[in-house]
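Student: Quick one: structure below, then a few questions.
The values are calculated or read from the model by the stated rules, or taken from the named source; none is laboratory data. Predicted model only: the values in this text are computed from it and were never measured. Don't worry about glycine lacking a Cβ; one is built from the backbone with ideal geometry, like all the others, and counts go over all protein chains shown.
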């Protein structure tokens with residue numbers, strides 16, 4: 001007989017599956033969208049950024065609201081906004097409406113993710129929490145394995161609008177399913193009295209600006225007027241955020257939670273390692289374009305390979321954190337992440353598709369385990385009444401780690417190729433090989449620092465669950 005907390009997780013699993021499937025579709029949307037609208041290819045950045053801004057910056061705000069409104073209400077509102085945003089995207093015919101629509105989709109995502117994590121934190125027993133996070137990550141990552149390929153087929157055979165209408169229809173179906181699903185062990189709702197409204201606004205402004213910085217730096221230049229003005233605005237917004245949260249009676253970003261070693265160290269490790277996912281996927285595709293322009297297999301299936309590895313990491317590695325000390329398991333999964341990076345040292349101009357795929361797959365295997373176990377470390381011991389207030393801020397910093405990694409590692413690779421070609425007489429292919437090997441060394445250094453941080457984590461063994469104060 002199924003355990004009650006697994007049964008109660010069904011609507012949240014359905015929402016996670018929806019976000020994963022639609023997220024896979026979104027991976028192939030920007031190029032098709034800008035081509036259809038007659039825009040320059042670099043505009044693909046902006047639709048992705050609009051989604052990332054709201055999904056990350058709104059997570060702590062909506063996580064706190066989830067504690068007030070209740071999980072089911074927040075879940076349904078998130079799914080509804082998600083569906084509306086996709087429908088508006090399909091109806092858009094120019095760039096600005098598209099960006100607004102994608103921002104709305106991100107708001108829906110920001111409402112959904114914290115309540116899913118909140119359910120696991122409050123309803124799963126401590127000794128099975130990592131298994132719950134593993135299940136969530138498995139659903140999320142496995143849903144992305146095939147949806148980019150399916151989405152590409154729909155775009156090719158019909159249109160990007162047809163694909164996005166399908167996304168809206170999927171969200172509508174999940175909304176109806178969750179609406180009629182009886183809530184398991186509903187929690188008492190809180191009150192909006194004393195809600196940190198000024199802090200919510202400051203969070204939205206600062207983290208939205210912070211997410212713009214990498215994109216502005218890459219597209220306009222790190223010394224450009226656009227980047228420097230955004231940087232100055234970010235500094236001012238950060239000062240406003242500190243002021244708002246210091247004066248709030250019930251701040252959204254609670255110092256007692258954020259200041260814990262069990263929060264700070266995983267976030268730092270995420271910034272060092274989790275950005276490797278998207279960055280290495282992008283850099284491998286660029287590497288293939290330089291060395292084997294006729295070989296399209298990695299360009300076509302890189303996302304699927306990476307997420308397949310992440311699914312395996314979630315299934316096989318992450319649950320071990322329920323049986324063994326999480327920081328010990330994390331050391332192993334981070335080593336696997338490093339192994340995926342180390343395989344890039346073997347790349348040559350005629351590197352086989354198997355080697356390229358193996359590098360991405362092993363990297364994904366490690367990252368899938370890392371991401372899930374970090375959830376257990378950070379969220380263990382949260383008060384059930386304020387679980388959303390903890391899951392939201394962690395989701396914010398987790399979502400910031402990938403753009404940070406892309407902003408640092410992608411230009412490091414591409415600029416290195418350009419510099420080597422211009423300064424020496426070597427071919428583009430040899431320059432790409434030298435650059436990818438240099439990148440591998442840098443990434444191995446980052447992984448090494450991540451392992452050091454993990455070894456400094458407080459113990460969170462099963463016998464100590466619920467007692468950790470960080």
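Student: Among the candidates 84, 96, 79, 61, which residue alone is assigned to a helix (DSSP H, G or I), assigned by TED's automatic domain parsing to the domain that holds residue 140 and out of contact with any helix residue (DSSP H, G or I) (no Cβ under 9 Å at 6 or more places or on another chain)?
Tutor: Values: 84 fails: out of contact with any helix residue (DSSP H, G or I) (no Cβ under 9 Å at 6 or more places or on another chain); 79 fails: out of contact with any helix residue (DSSP H, G or I) (no Cβ under 9 Å at 6 or more places or on another chain); 61 fails: out of contact with any helix residue (DSSP H, G or I) (no Cβ under 9 Å at 6 or more places or on another chain).
Result: 96 is the single residue among 84, 96, 79, 61 that is assigned to a helix (DSSP H, G or I), assigned by TED's automatic domain parsing to the domain that holds residue 140 and out of contact with any helix residue (DSSP H, G or I) (no Cβ under 9 Å at 6 or more places or on another chain).
Student: Kindly establish whether residue 106 is on the phi > 0 side of the Ramachandran plot and free of Cβ contacts under 8 Å to residues at least 60 places away in the same chain.
Tutor: Values: on the phi > 0 side of the Ramachandran plot: no; free of Cβ contacts under 8 Å to residues at least 60 places away in the same chain: yes.
So residue 106 fails the test.
Student: Now, a different point. Which of the residues spanning region 339-361 are crowded, with 23+ Cβ neighbours inside 10 Å and closer than 24 Å to residue 456 by Cβ?
Tutor: Once the filter is applied, which keeps residues that are crowded, with 23+ Cβ neighbours inside 10 Å and closer than 24 Å to residue 456 by Cβ, region 339-361 yields 340, 341.
Student: Additional query: Considering region 246-269 alone, what residues qualify as being over 24 Å from the mean Cα position of the chain (by Cα) and under 20 Å from residue 211 (Cα atoms)?
Tutor: Scanning region 246-269 gives no hits.
Student: Just to be sure, is residue 16 modelled with pLDDT under 85, outside the structural domain of residue 391 (by TED's automatic domain parsing) and in a helix (DSSP H, G or I)?
Tutor: No: the conditions fail for residue 16.
Student: Is it the case, given these coordinates, that residue 268 is surrounded by fewer than 21 Cβ atoms within 10 Å (Cβ to Cβ), within 26 Å of residue 459 (Cβ to Cβ), in contact (Cβ under 8 Å) with a residue 40 or more places away in the chain and in contact with a helix residue (DSSP H, G or I) (Cβ under 8 Å, 6 or more places away or on another chain)? Don't jump to the end; show me each part of the working.
Tutor: Numbers: surrounded by fewer than 21 Cβ atoms within 10 Å (Cβ to Cβ): yes; within 26 Å of residue 459 (Cβ to Cβ): yes; in contact (Cβ under 8 Å) with a residue 40 or more places away in the chain: yes; in contact with a helix residue (DSSP H, G or I) (Cβ under 8 Å, 6 or more places away or on another chain): yes.
Yes: the conditions hold for residue 268.
Student: Sticking with this one: Given the structure, is residue 372 assigned to a helix (DSSP H, G or I), at pLDDT below 75 and either touching a strand residue (DSSP E or B) at 6+ places or on another chain (Cβ under 6 Å) or within 27 Å of residue 264 (Cβ to Cβ) (or both)? Full working, then the answer.
Tutor: Numbers: assigned to a helix (DSSP H, G or I): yes; at pLDDT below 75: no; either touching a strand residue (DSSP E or B) at 6+ places or on another chain (Cβ under 6 Å) or within 27 Å of residue 264 (Cβ to Cβ) (or both): yes.
Here the answer is no, as residue 372 does not meet what is asked.
Student: Tally up the residues in region 233-254 that are within 16 Å of residue 392 (Cα to Cα) and loosely packed, with under 15 Cβ neighbours inside 10 Å, please. First the steps, then the outcome.
Tutor: Residues of region 233-254 that are within 16 Å of residue 392 (Cα to Cα), as a first pass: 245, 250-254.
Now drop any that are not loosely packed, with under 15 Cβ neighbours inside 10 Å, which leaves 250.
Adding up the residues that qualify gives 1.
Student: Something else now. Whether any residue in region 47-56 is surrounded by fewer than 20 Cβ atoms within 10 Å (Cβ to Cβ) and in a helix (DSSP H, G or I) is what I want to check.
Tutor: Going through region 47-56, the residues surrounded by fewer than 20 Cβ atoms within 10 Å (Cβ to Cβ) turn out to be 48.
After this cut, where a residue has to be in a helix (DSSP H, G or I) as well, the list is 48.
Yes, that holds for at least one residue.
Student: Looking at (1) touching a helix residue (DSSP H, G or I) at 6+ places or on another chain (Cβ under 6 Å); (2) crowded, with 22+ Cβ neighbours inside 10 Å; (3) over 22 Å from residue 52 (Cβ atoms), which is the only condition residue 416 fails?
Tutor: In the conditions (1) touching a helix residue (DSSP H, G or I) at 6+ places or on another chain (Cβ under 6 Å); (2) crowded, with 22+ Cβ neighbours inside 10 Å; (3) over 22 Å from residue 52 (Cβ atoms), residue 416 misses (2) alone.
Student: Contact list please: Cβ distance under 9 Å, first residue in region 293-318 and assigned by TED's automatic domain parsing to the domain that holds residue 28 and buried (at least 22 other Cβ atoms within 10 Å of the Cβ), second residue assigned to a loop (DSSP other than H, G, I, E, B) and modelled with pLDDT under 80, pairs at least six apart or on different chains.
Tutor: Within 9 Å, no pair qualifies.
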